[in-house]
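Notes to accompany the following structure.
The values are calculated or read from the model by the stated rules, or taken from the named source; none is laboratory data. What you see is a predicted model, and the numbers here were worked out from it, not measured in a lab. Neighbour counts run over all protein chains shown; Cβ positions are idealised from the backbone, glycine included.
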Amino acid sequence: MVLIETSYQGVKVLIKFFGASLLFLSVILGRAEAHPVAFAGSYSIMTWNSKDMSDWMLTHSFTSKYSLAARYLRLQTEDGERTFYVPQVNVLLKRWNELDSQANVYLSLGHGGEKVKSSFKNTSSVALETDWESRKYYVSARGDALLSHKSSDQSIYQTKLRAGFAPYLAEFDEMNAWFILEAFKSNKDEKEFKLTPFIRLFYHNVLTEFGVSSRGDAQFNFMVHF
């Protein structure tokens with residue numbers, strides 16, 4: 001009887017362990033956010049596109065802690081259209097893993113140039129990004145600066161806040177869907193901050209977003225890890 005009871009208790013412990021492991025994996029594998037650092041040895045293509053912006057990044061994650069990226073950025077500002085080419089390094093500063101959620105803090109640093117006619121002006125970039133996500137809810141915040149070495153008046157500062165939820169909980173091999181609301185503000189935008197609701201679809205290693213801002217501008221975002 002003692003042996004049977006001990007075996008029964010051992011089975012209960014194993015069931016709890018595998019249940020917790022599956023829940024943890026569902027949070028890790030079903031990430032709703034495209035992070036600047038992915039798994040070791042991976043490559044990522046990330047792009048954000050609208051009428052006033054085209055932002056492309058190709059990254060290679062050497063470890064799960066840092067990656068190198070090549071970034072192309074086109075912005076329509078109150079000063080006119082501006083184009084930047086910036087290599088950068090992305091670092092995972094801190095990660096908190098819970099059974100049903102995960103939180104991260106990332107730092108990105110870069111130095112490149114802004115194309116002006118046939119020459120380049122030195123430009124440095126710095127960004128701090130944080131997010132928290134469960135299988136059901138997600139919030140994130142990002143501050144991004146493009147620092148001109150020629151004149152501080154030419155520097156660009158951008159802030160992005162996001163919150164979203166999943167209308168249903170998908171399995172590993174199913175399509176994940178999210179509803180997200182984004183608030184965006186730039187010091188080089190004559191208008192107030194803009195709000196953009198997004199529909200996000202996430203399947204395996206591919207993520208797409210479609211949205212229309214409060215100004216009527218369409219936006220399409222795409223990310224893939226491989």
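For this structure, a couple of remarks:
- Listed conditions (1) within 17 Å of TYR72 (Cα to Cα); (2) exposed (fewer than 14 other Cβ atoms within 10 Å of the Cβ) are all met by ASN97, apart from (1).
- Test: residue in the range 20-30 that is modelled with pLDDT of 85 or more, surrounded by 13 or more Cβ atoms within 10 Å (Cβ to Cβ) and not hydroxyl-bearing (Ser, Thr, Tyr): no
- Residue check, PHE179 under 28 Å from VAL91 (Cα atoms) and without any contact (Cβ under 8 Å) to a residue 24 or more places away in the chain: yes
- Residue list for the range 72-94, filter: surrounded by fewer than 12 Cβ atoms within 10 Å (Cβ to Cβ) and either touching a strand residue (DSSP E or B) at 6+ places or on another chain (Cβ under 9 Å) or of a type in the set (Asp, Glu) (or both): GLU78, ASP79, GLU81, LYS94
- Scanning the range 159-215 for residues that are assigned to a strand (DSSP E or B), among the polar types (S, T, N, Q) and closer than 25 Å to LEU146 by Cβ yields THR159, SER186, THR196.
- Any hit, the range 104-114, residues being closer than 19 Å to THR83 by Cβ, among the charged types (D, E, K, R) and not in a strand (DSSP E or B): no
- Taking residues in the range 84-96 that are over 28 Å from GLN154 (Cβ atoms), and partners anywhere that are of a type in the set (A, V, I, L, M) and part of a strand (DSSP E or B), the pairs with Cβ atoms closer than 6 Å and at least 6 places apart or on different chains are LEU93/VAL105; LEU93/LEU107; LYS94/VAL105; TRP96/ALA103.
- Qualifying residue in the range 63-71 (condition: under 20 Å from PHE184 (Cβ atoms) and crowded, with 17+ Cβ neighbours inside 10 Å): yes
- Of the candidates PHE220, PHE198, PHE226, the single residue that is modelled with pLDDT of 95 or more and loosely packed, with under 15 Cβ neighbours inside 10 Å is PHE220.
- Only one of the numbered conditions (1) crowded, with 18+ Cβ neighbours inside 10 Å; (2) farther than 17 Å from SER140 by Cβ is not met by PHE184, and that is (2).
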